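Q: Sharing a structure here in structure tokens format.
The values are calculated or read from the model by the stated rules, or taken from the named source; none is laboratory data. All figures in this text were calculated on a predicted structure; none of them were measured in a lab. A quick note on method: Cβ atoms are made from the backbone with ideal geometry, for glycine too, and the neighbour counts reach across all protein chains shown. With ligands, DNA and RNA removed, areas are computed over all heavy atoms of the protein, side chains included. Shrake-Rupley method; radii C 1.70, N 1.55, O 1.52, S 1.80 Å.
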Amino acid sequence: AKREGRNNAQFFMQALNDAACERLQLERQLRKGLANEEFVLYYQPQIDAGSGSIVGLEALIRWQSPELGFVPPASFIPFAEESGQIMLIDEWVVHAACRQVAAWLAQGIVPPRVAVNLSGCHFLKKSLVEMVAECLQNFALEGRHLEVELTEGVIMRDVEQATATLTELKAMGVTVSIDDFGTGYSSLSYLRRFPIDTLKIDRSFITGVTKDTDGAAITTAIISMATSMRLEIIAEGVETAEQMNFLLEHGCPVMQGYLFCRPVPPEEITRLLVEGLPM
Ligand code: C2E
Ligand code: CA
Ligand code: CA
Ligand code: CA
């Protein structure tokens, strides 16, 4: 038994070592990836399902690493948040989105507003407003081209600072949406105090709207409260016509999901903006 105990301990230490090694590796790979432009933004259209028009685009990061292959954001964003590298990634994302908007404008295409996901805690500092302003200025863009997606968690970390930051973004014309709404812990009465524009209903509720009564009840409650607070609503992760019809019937026409379009490279979006969605 003693022997076995030691083996277990050794095994545990080895595992810890491997994990530490892996973290160091990943941190280094991320740094190299940023330096070498190994990241790209894909875009997923946000659709007004009533008219079929594209009312927005969500930018979603993709990492094509020569060493690690394709790394999905769920595998490196949480890590980057811990290691602090998320600030650099957020900045890269805003820069890349602005560069793309400017490229579309230069081609004579007027893109809908582009939503970027920001998860860095620099949201709580002044630097976020400055960073966004700098990126816009770099490409001579007005703020209305950009939307910032934040989760409830990021905002609730420091309510006062968040309110100040959101107010400044709004003054620049940048709109703000709350991502994954309903999964966090903020109450709607709190939300009313924030200068936000849009709520994105989390996919987990949308998945349930035609299957379980909870999903349907939560979704309709969010829609009716958001409507009475005059907030825009976007339903995330719409995959079936049944879900679309439910949302249309309950007053949430703007949606995003595989039913309409997956996240695609910018060239594909160019084609969609010129030709429209095949519906
Ligand atoms: P999110 O912001 O909630 O993004 C929505 C995710 O759902 C995306 O996954 C998208 O591809 C996926 N999705 C869209 N429609 C459907 C659908 O109909 N069905 C299903 N099953 N999924 C759908 P993705 O691109 O893998 O991103 C995952 C998460 O990683 C994002 O969740 C976001 O939290 C984070 N992320 C992605 N890009 C960025 C970024 O540029 N910066 C930061 N900070 N985080 C990002
Ligand atoms: Ca998002
Ligand atoms: Ca989301
Ligand atoms: Ca999410």
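Q: Only one of these conditions is not met by Phe123: (1) surrounded by 21 or more Cβ atoms within 10 Å (Cβ to Cβ); (2) touching a strand residue (DSSP E or B) at 6+ places or on another chain (Cβ under 7 Å); (3) modelled with pLDDT of 90 or more. Which number is it?
A: Among (1) surrounded by 21 or more Cβ atoms within 10 Å (Cβ to Cβ); (2) touching a strand residue (DSSP E or B) at 6+ places or on another chain (Cβ under 7 Å); (3) modelled with pLDDT of 90 or more, Phe123 violates only (3).
Q: Here's something else I'd like to know. Scan segment 69-90 and give yes if some residue there is away from ligand 2 (no atom under 16 Å from the Cβ), over 30 Å from Met244 (Cα atoms) and in contact with a strand residue (DSSP E or B) (Cβ under 8 Å, 6 or more places away or on another chain), otherwise no.
A: yes
Q: Only residues in segment 210-230 that are open to solvent by 40 Å² or more (accessible area, probe 1.4 Å) count as the first member; pair them with residues that are of a type in the set (Ser, Thr, Tyr), Cβ under 9 angstrom, at least 6 apart or cross-chain, and list the lot.
A: Every condition considered, the pairs that remain are Thr210/Thr240.
Q: Which residue out of Glu160, Glu142, Glu147, Glu130 is at pLDDT 95 or above, charged (D, E, K, R) and more than 19 Å from the chain's Cα centre (by Cα)?
A: Glu142
Q: Could you list, in sequence order, the residues of segment 224-259 that are β-branched (Val, Ile, Thr) and modelled with pLDDT under 95? Step through it out loud before you land on a result.
A: Looking only at segment 224-259, we keep the residues that are β-branched (Val, Ile, Thr), and these are 227, 233-234, 238, 240, 254.
Selection gives Thr227 alone.
Q: Which fully enclosed strands (runs of 3 or more DSSP E) of segment 175-279 have 1 or more residues being farther than 18 Å from Arg113 by Cβ and within 16 Å of ligand 3 (Cβ to nearest atom)?
A: Numbers: elements: 175-181, 198-201, 232-235.
Hits in segment 175-279: 175-181, 198-201.
Q: Just for strands (runs of 3 or more DSSP E) wholly inside segment 14-111: which have at least 3 residues that are under 29 Å from Gly237 (Cβ atoms), open to solvent by less than 70 Å² (accessible area, probe 1.4 Å) and of a type in the set (Gly, Ala, Ser)?
A: On the way: elements: 39-48, 53-65, 69-71.
Because the criterion is at least 3 residues that are under 29 Å from Gly237 (Cβ atoms), open to solvent by less than 70 Å² (accessible area, probe 1.4 Å) and of a type in the set (Gly, Ala, Ser), the strands (runs of 3 or more DSSP E) in segment 14-111 that meet it are 53-65.
Q: Also, quick follow-up: In segment 48-91, which residue that is free of Cβ contacts under 8 Å to residues at least 24 places away in the same chain and aliphatic (A, V, I, L, M) is farthest from ligand 3 (Cβ to nearest atom)?
A: Among residues in segment 48-91 that are free of Cβ contacts under 8 Å to residues at least 24 places away in the same chain and aliphatic (A, V, I, L, M), the one farthest from ligand 3 (Cβ to nearest atom) is Val71.
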